[in-house]
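Asker: Have a look at this one before I ask anything.
The numbers here are math on the coordinates, done by the rules we state, and not lab data. The structure displayed is predicted, hence computed values, not measured ones. Don't worry about glycine lacking a Cβ; one is built from the backbone with ideal geometry, like all the others, and counts go over all protein chains shown.
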Amino acid sequence: MTILMKDKRVRGQALGLIIGVCLSMASAPSWAEEAEIACPANNHANITIDLVFEEPEQKFSLSLREIQSLDNEANGKINPHLSRMGGKQISSKEMATHTLGLTSGNLVLDQSTSFSVRQIGPGRACVYLSDLKVTFGFRQHVVYVARELPRRSCPFNEVLKHEAKHVDTDRRLLNEKATWIKNEIMNAADKVSRVQVGHPDALQQDMQGSLHATIERIHDIVQAERRERQAEVDNPAEYARIGRTCNGQTQEIVDHFFQKPDIGAGRSR
């Protein structure tokens, strides 16, 4: 009402009296109305989204026993697909299989945010996102091949080739999800970029939490799909193929360590 009266000037004593009474009876502007005056209508935050993929480091110095220990720690249990290797049936007592190669890598996300705060009253402020930086992708890739495999031998090369499939799987996954990841983060940032009014500390926590929840959701979705795709690389047919290659040399290595009761059969992951 006040704004309309500013736009339309009316002369007259009686009418001026009525207007004065109406204005005196009007309530004070709400915080939302005050924010429209004191705060910017919207904010254009500086948003940076970096998708990273670190190429793998190769390590060939660990023993079969050491690689197996890493594998057991990562997976917690033996993959049931490993009950067959190279066409040999392994009994349930011999499920302590041995790993010829292993690939590790971390799906990581880093988030940093900053907010702008403009006080408009006691315990009240305009709060809006000013900067958001997200780093998402794969780091610390390491490819292991057991030192018992002679370097540059056919079995060594086959195991290394298999591990390369795991690395390529992560790379393709990140490339395929890149646009979706960026859109999800931009949409979440757009929601908190709108100016909000309230207690500055509480608002910043809420806005930070909203962004973090979105990024965690993205991480969980990508991680779940990663597990599925990596499991497809480690399949019985692939293990059997590795066991049959190199004129039986790989299978000979498998059999050699399979005969040791504390080691078991060989495989590549």
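Asker: Along the charge dipole of segment 124-178, pointing to its positive end and built from +1/-1 on Cβ of Lys, Arg, Asp and Glu, which listed residue (Val143, Tyr128, Val167) has its Cα farthest out?
Answerer: The residue sitting farthest along the positive end of the dipole is Tyr128.
Asker: Something else now. Return the distance in nm (one decimal) between the two label points of a simple spin-label model at Met186 and Ser210, each offset 7 Å from Cα along Cα→Cβ.
Answerer: In this crude spin-label approximation the distance works out to 1.9 nm.
Asker: Output the peptides 127-136, 230-239 sorted from most to least packed, where packing is the average of other Cβ atoms within 10 Å over each peptide's residues.
Answerer: Numbers: 127-136: 20.0, 230-239: 15.0.
Result, highest mean first: 127-136, 230-239.
Asker: Among Thr169, Thr179, rank each residue by its count of other Cβ atoms within 10 Å, from fewest to most, as a rough exposure measure.
Answerer: Ranking Thr169, Thr179 by Cβ neighbours within 10 Å, fewest first, gives Thr179, Thr169.
Asker: Place a point 7 Å from the Cα of Arg152 along the Cα-to-Cβ direction; which residues of segment 238-253 have their backbone N under 20 Å from it?
Answerer: 246-247, 249-250
Asker: Which translational diffusion coefficient, to the nearest whole µm²/s, is obtained for segment 166-246 from the Stokes-Einstein equation, given a Kirkwood hydrodynamic radius over C-alpha pairs, 25 °C and 0.890 mPa s?
Answerer: Numbers: Rh = 15.6 Å.
Translational D for this selection: 157 µm²/s.
Asker: Along the Cα→Cβ direction, 7 angstrom out, place labels at Ser69 and Lys133. What is the inter-label distance in nm?
Answerer: So the two model labels end up 3.8 nm from each other.
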